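Worksheet: one structure, shown below.
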Amino acid sequence: MKRIIVMAWAALLICLAAIAPAQASFEAIGPFSVESRDNGTFVLTDGIGRRIHLVPRGQKPPPGVEEKNLVRIPVKSVATDSWRDTSLFLALDAIDKVKAVTGKPEEWIIPQIRDGLHNGSIVSLGQRHGMDYEQLVKIKPDVFFTWDESMIPMLDELGIATVVTNTDLARDLDTQIRFVRYLAPFFGSFKQADQYVAKVRAVLEDIKAKANGVAAKPKVIWGDVYSKRVLVEPGNSWAAQIVQAAGGNYLFNDVAGDTCLEIALERFYSSGCEADMMITYRTPRQGMATKARMKATNITIAGIKPLSVGKVFYPLQHYSQSADKLDEILVDLAAMIHPELYPGFELRYFVEMPED
Amino acid sequence: MNHAHNKPTVVRLENLQVGYGRKAVLREISFGLQEGRFLSLLGPNGAGKTTLLRTMARLIPAMAGNIMIAGRDFSKLKQSELARIQAVVLTDRLKPGLLTAYEVAALGRHPHTGFFGKLGPQDHQAVKRAIEMVGAGDLTDRYFEQLSDGEKQKIVLARALAQEPRLILLDEPTLHLDLKHRLETMSILRSMCREMRVAVIASLHDIDIASRVSDQVALISGGGLAAFGPPERILDEQAVARLYSLNGARYDSRLGVIELRNAKRRGPVFVLPGGGAAASTLRLLHKRDYAIMCGIAHQGDIDTHIARALDAELVTAPPFGRATPEALQECRRMMQLAGAVIDSGFELGQANQDNAALLAEASKMGKAIFSLRAPASQEKETGAPAADMVHCQDEMELASRLSAFFHKSVS
Amino acid sequence: MKPSEARNHRAMAVLPLLALTMIVVFWLSLNVGSVNSRSGEVWRIIWGAAADANLDFIVRNIRLPRALAALGGGAMLAVSGLLLQVFFRNPIVGPFVLGISSGATLMVSLVMLTSVAVGMVGVVPYLTPLAAFAGALGAMSLVMAVASRVKQGVTLLITGIMIGYLTSAVTSLLITFAEAERIKGFNLWQLGSFSGYTWTELALMMSIGSVLLVLVYGISKQLNAFLLGENYAATMGVNIRRFRIALVFVSCGLSALVTATAGPVAFVGLAVPHMARLAMGTSDNKLLIPATALIGAVVCGACDIVARMLFAPVEAPLSAITSFFGAPVVIMLLLRNRVKQ
């Protein structure tokens, strides 16, 4: 339902953009959108369809805009609970604007954040599900980036402008690549954003070109094995799209959804019996260290090919905080699918799961 | 062991102490009941009747003392053994869902059936007998929850009976029932005693009914057993007044009724009774708050009992006898005091000559006389001239004329 | 004709019909799935004739255990619910009212959300079902300990609900401090499903379950006495304490077995006893128990088919299907009942 509303908004905005004066521009990034107006302000639609006004400091905000939907740009202080957003701030040269994050220092891979938390220049807001709102009020950041929309009422109350960047809704590859442009107006880092997009697109074109020459298409499944149950990445996810772009054959293309979905075990089994490789988010940190362990967790599907003769890959811990290196991640995936095209390549974000 | 004419004792309470937790409600309760006998537990609300019954039903433990049931120690009986001796009817509202009346009654067979509770031919017979006994043969096929309160109570009794007990305990079996079903219930219980030789112990709030059906009554008040014995011996005016701390009511043991006290705000009136003719007049005047004086009433006459229960000033004569001169003198004094004299329309016989004479005297004294006698026969029957009297068709007319009369005389 | 005979006639008609429906559901359950199969092939596979190896594995090791688990689990949950509804004389009580699923959830959350059991994942076989069973048994023994002490059934009910709240509190605390990646799997477990049963689990659930179902029949006489309430049951010779312990043991045992292997499956245990009463037109538990078991099996089996076919190959959450189907049924039946009275 929410998705439909968001899409309806997006459609409406696209129509509006089409009839808007030429000076203004509009870019839809999945369900997100950025509309730049000629007076230097921006109107953003966030992940749950809220309209956020970005107004340059010193300029009068447009009438009727509530304080909670107003962000003064360029922002000087940012708080966030999103690993992905934080890593994109690196790409935007804005990592120094981050003043508060959730999570313990040891959970952070990005050195600036980890060091900041250690030396106190960045404030810890506590746990993801148990935010320390008092700390947040004390810092009073210009804007709070979150993936958790349930916090909105509380943050509105505290008068902190919030942007929902739930990446569940930015699932296709192109949206993933361009998402950086959604964050750029906050910092005025348009140049960096354009560079990022151009770089990733160039890499993607390169991957496609390489894969084009190869006839064989390795069959790939991407999913998580739990006791009795399995979750898979749907065919409309960026994961599935990069598999296709890298010359692989993604076997769950007929599955569609916003997030990882549970599919029938028999389907997972029958596709698994064809697949050459499997990518999973389950890692040794959750006890899924070896193929043997995965088989024991769900005996029924122990016979699938990736668990016997094929390969299983899982992401390393810094993977989820490396959105700024999307180009490198894409190359990693391409090299996993067609290792013969990348001789001597060493994976940087993924690792192959050992037998036992 | 027992003599042929001496019925065996079904249950005996020995110094029983009952209560909840450590709080004793009743102490030192001792009595026995023979088979086929009906015992009523009487007492004000909260006196502990229900507590005693629940203890006897083993729903709460006895605090001290002992119960012997069918010659066996209650505390050593297994729950299922006890259930074969004793059935219990509680005030709990039954909601058995989709069970028919027959099935509810058949649940009473529980202590007699085997491991899976399958009903054999004997069980069905017992259930049918019980249902016939309570006169509910036409209800068997209907769902219990669709029955009226009175019909439900019959089935509840049938269930207890189907248990084929020697003793049935009932907590307020007539609660929530209308008069018809109240009487029906009591008559069923009565026949259980008489025909099935079952001993019945029931807590009742209706002293009137209790005195009629009980073989024994137990008066429970003041944290113990205040009295125990046949109602004829136990239920006198003082005992009942003590039991219920009656302040605005009187109990008549012969009539077995409780009458409210009135405030005597009007009158006084002098009533000439006889042979029950004044019964409803007395009740009506009492209800309308008149102070009543009552002239020669014969002992044993219903009018006498009613007048006494209604707290009227009363002059009596021996049964079918003439009044003493002192009594007649007392009546004259009362007539002097009375604002009006009422002729109840008593039958004239040898014994009632005194009242006829008194009426004639009243007429001579110039008293206002209200009569329920037909004007035509007035003079012939009583010798008092009909012209001086107010003749009324019935008690209601009498009351309204009397009211108008006193209203006028006051103003 | 005596009313009890009329009742038995109805039972003789309804019970075989239900059994037949159950067989149909079972056959459908073997035939539908996200992998295509023709019924002829499925038939041959059942009888051991080799066909496509892939399909052979799917039918024998995925569909067959799943179908049996859904039917058996549904029957067990429904009977468990029936027992507790009669015992507490409360139509909205279900098998999880005594905290069984909460206990199971607590242990599963410990295993899945914390790093306590990281070393055991994939090493200890059946880690999640074992944890769930341990949690369910823990809650059950707590409730049983209470059951042997309290005087009134309602105290037990409240205790069960409180145990549920307590364990839920701990679980939500664990969720607060858990990594997002771990919560995914835990959420999955919380939704409940008959997917992925192994033959070992199935055999265990079915064998203990059928012993318990036989025990249920053993307390059906006392259960009928309970239709008149706890007090009347006592005066009719039921040893309340012993009966209460037996009932809690059996009903919690049944729901614990299902919860351990399938996760919490909502509403079957609550709605099905009502449907059974309607179908049989009686509250006589001797007839209700088999009817409840059969309807539970049919409902759960059918809901399981819907869950896997609705968005195939995506699995719809089973509890959502059962609730979607069960809640209106309960509302309707309770309204009917209200009107009737």
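Between A:LYS138 and C:ILE158, take the C-beta separation as r, use R0 = 30 Å, and let me know the FRET efficiency to the nearest 0.05.
Rounded to the nearest 0.05, the efficiency is 0.10.
If packing is taken as the average count of other Cβ atoms within 10 Å, what order do B:71-80, A:288-297 fall into, highest mean first?
The densest-packed peptide leads the list: A:288-297, B:71-80.
Going 7 Å from the Cα of C:VAL116 along its beta-carbon direction, which residues of region C:142-172 have the amide nitrogen within less than 19 Å of the resulting point?
Only C:142-143, C:163-172 pass the distance filter.
Taking each residue of B:84-93 in turn, how many C-beta atoms of other protein chains fall within 10 Å of its C-beta, and what is the average?
If you average over the peptide's residues, the count of other-chain Cβ atoms is 3.
Nothing charged except the Cβ atoms of Lys and Arg (+1) and of Asp and Glu (-1): what's the magnitude of the dipole of region B:9-245 about its Cα centre? Round to the nearest 20 debye. Intermediate values should be presented prior to the final figure.
Numbers: 31 positive and 26 negative charges, 144 e Å.
Its charge dipole is roughly 700 debye.
For chain A, take the longest principal axis of its alpha carbons; what is the angle in degrees between that and the long axis of helix A:173-187, to the nearest 10 within 0 to 90?
It is inclined by approximately 30 degrees.
Could you pull out the trypsin sites (Lys or Arg not before Pro) across region B:129-228 that fall in loop regions by DSSP (anything but H, G, I, E, B) with no more than 16 other Cβ atoms inside 10 Å?
B:ARG142, B:ARG197
Can you put B:ASP303, B:ASP215, B:ASP149 in order, fewest other beta carbons within 10 Å first?
Numbers: B:ASP303 25, B:ASP215 18, B:ASP149 12.
If I rank by nearby Cβ atoms, fewest first, I get B:ASP149, B:ASP215, B:ASP303.
Based on the alpha-carbon gyration tensor of region C:3-340 and its eigenvalue square roots a ≥ b ≥ c, which shape applies: rounded if a/c is under 1.5, prolate if not and a/b is larger than b/c, or oblate? Provide the component values of the computation, followed by the final result.
Details: a/c = 1.90, a/b = 1.16, b/c = 1.64.
It is oblate, given that a/c is not under 1.5 and a/b is not larger than b/c.
Please list log₁₀ I(q)/I(0) at q = 0.11 Å⁻¹ for region A:212-352, using the Debye equation with identical point scatterers on the alpha-carbon positions.
-0.37
Quick check: the distance between the Cα centres of region C:204-254 and region C:66-92, to the nearest angstrom?
Distance between centres, Cα-based: 13 Å.
Using the membrane-span-like helix rule (whole DSSP H runs, Cα extent along the own axis of at least 24 Å, mean Kyte-Doolittle hydropathy at least -0.5), which helices of chain C qualify?
Both cut-offs are met by C:3-31, C:64-88, C:127-147, C:153-176, C:199-218, C:240-262, C:285-309, C:318-340.
Can you tell which of A:TYR269, A:ALA28, A:VAL163 lies farthest toward the positive end of the dipole of chain A, using +1 and -1 charges on the Cβ of basic and acidic side chains (Lys, Arg; Asp, Glu)?
It is A:VAL163.
What number, rounded to the nearest 500 deg cm²/dmol, is the helix-based mean residue ellipticity at 222 nm of chain B, given -39500 (n - 2.57) per DSSP H run of at least four residues and division by all its residues?
Calculated from helices alone, the mean residue ellipticity at 222 nm is -11000 deg cm²/dmol.
Are there GluC sites (Glu not before Pro) in region B:314-408 that DSSP marks as loop and that have at most 14 other Cβ atoms within 10 Å, and which are they?
B:GLU347
Can you tell me which of B:16-23, B:199-206 comes out highest on packing, and rank the rest after it, using the mean Cβ neighbours within 10 Å?
On the way: B:16-23: 14.8, B:199-206: 23.5.
In decreasing order of mean packing, B:16-23, B:199-206 become B:199-206, B:16-23.
Let me check I've understood the local charge: for C:LEU156, count other residues with C-beta under 13 angstrom from its C-beta, Lys and Arg +1, Asp and Glu -1. What total comes out?
On the way: positive: C:ARG89, C:ARG149, C:LYS151, C:ARG241, C:ARG244; negative: C:GLU230.
Computed value for this residue: +4.
I'd like to know which of A:GLN192, A:ALA209, A:VAL225 lies farthest towards the positive end of the charge dipole of region A:190-231, counting +1 on Cβ of Lys and Arg and -1 on Cβ of Asp and Glu.
A:VAL225
Relative to the longest principal axis of chain A, what angle (0 to 90°, nearest 10) does the C-alpha long axis of helix A:190-212 take?
Roughly 20 degrees, rounded to the nearest 10.
Where in region B:34-67 does the amide nitrogen come within less than 20 Å of the point 7 Å from the Cα of B:GLU195, taken along Cα to Cβ?
Counting only backbone N, you get B:35-39.
Taking the Cβ of each residue in C:SER80, B:SER363 as the centre, tally the other Cβ atoms inside 10 Å and list the residues starting with the fewest.
Lowest count first: B:SER363, C:SER80.
At q = 0.04, 0.06, 0.09 Å⁻¹, what base-10 log of I(q)/I(0) does the Debye formula yield for the protein assembly as shown when every alpha carbon is treated as an equal point scatterer in vacuo?
-0.40, -0.70, -1.07
So how strong a dipole does chain A carry about its Cα centre when Lys and Arg Cβ are +1 and Asp and Glu Cβ are -1, to the nearest 20 debye?
100 debye
Please give the charge dipole size of the protein assembly as shown, origin at the Cα centre, charges +1 on K and R Cβ atoms and -1 on D and E Cβ atoms. Round to the nearest 20 debye.
Dipole about the Cα centre, nearest 20: 1940 debye.
Lys and Arg at +1, Asp and Glu at -1: add these up for the other residues within a Cβ distance under 11 Å of A:GLU328 and post the number.
Residues close to A:GLU328 contribute a combined charge of 0.
With a ≥ b ≥ c taken as the square roots of the eigenvalues of the C-alpha gyration tensor of region B:36-186, please select rounded if a/c is under 1.5 and otherwise prolate if a/b is larger than b/c or oblate if it is not? Walk me through the numbers on the way to the answer.
Values: a/c = 1.96, a/b = 1.20, b/c = 1.63.
Note, shape of region B:36-186 comes out oblate.
For peptide A:286-298, how many partner chain Cβ atoms fall within 10 Å of a residue's Cβ, on average?
5
How big is the gap, in Å, between the Cα center of region B:330-389 and the Cα center of region A:269-301?
Each part's Cα centre sits 115 Å from the other's.
Run the simple label-point estimate for C:VAL211 and A:ASP206 please: 7 Å along Cα→C-beta, distance reported in nm.
With each label placed 7 Å out from Cα toward Cβ, I get 6.6 nm.
Below 29 Å, Cα to Cα, which lysines can A:LYS305 reach? Residues fewer than 8 away in the same chain don't count.
Once the sequence-local lysines are set aside, what remains near A:LYS305 is A:LYS208, A:LYS210, A:LYS217, A:LYS219, A:LYS228, A:LYS291, A:LYS295, C:LYS184.
Label point 7 Å out from C:ASN187 along Cα-to-Cβ: which residues of region C:314-329 have amide N under 16 Å?
So the set is C:315-320.
Net charge within 11 Å of B:LYS118 by Cβ-Cβ distance, Lys/Arg positive one each and Asp/Glu negative one each, not counting B:LYS118 itself?
+2
Please return the longest range in chain A lying between exposed loop sites, taking GluC sites (Glu not before Pro), DSSP loop only, at most 13 other beta-carbon atoms within 10 Å, and leaving the sites out.
Longest gap between qualifying sites, sites excluded: A:67-345.
How many partner chain Cβ atoms sit within 10 Å of a residue's Cβ in peptide C:223-231, on average, as a whole number?
Working: counts 1, 7, 6, 2, 10, 13, 6, 2, 7.
The mean count of partner-chain Cβ atoms within 10 Å per residue comes to 6.
Which of the peptides A:92-100, C:150-158 is most tightly packed, and how do the rest follow, going by the mean number of other Cβ atoms within 10 Å of each residue?
In descending order of packing, they fall as A:92-100, C:150-158.
If you rank B:GLU103, C:GLU179, B:GLU232, B:GLU172 by fewest surrounding Cβ atoms within 10 Å, what's the result?
The order, fewest Cβ neighbours first, is B:GLU232, C:GLU179, B:GLU172, B:GLU103.
Just the projected area, averaged over all directions, of the convex hull on the alpha carbon atoms of chain B: how many nm²? Before the final figure, lay out each step's value.
Numbers: hull surface 105.6 nm².
Result: a mean projected hull area of 26.4 nm².
Scan region B:98-162 for chymotrypsin sites (Phe, Trp or Tyr not before Pro) in coil per DSSP, keeping those whose Cβ has at most 10 other Cβ atoms within 10 Å, and list them by number.
B:PHE115, B:PHE116
Assuming a ≥ b ≥ c are the square roots of the Cα gyration tensor eigenvalues, decide whether chain A counts as rounded (a/c under 1.5), prolate (otherwise, with a/b larger than b/c) or oblate. List each step's numbers first, then the result.
Values: a/c = 1.94, a/b = 1.60, b/c = 1.21.
Prolate.
No lab work stands behind these numbers, since they all come straight from the coordinates. Small disclaimer: the values here were computed from a predicted structure and weren't measured. Please note: Cβ atoms are built from the backbone with ideal geometry, for glycine as well, and neighbour counts cover all protein chains shown.
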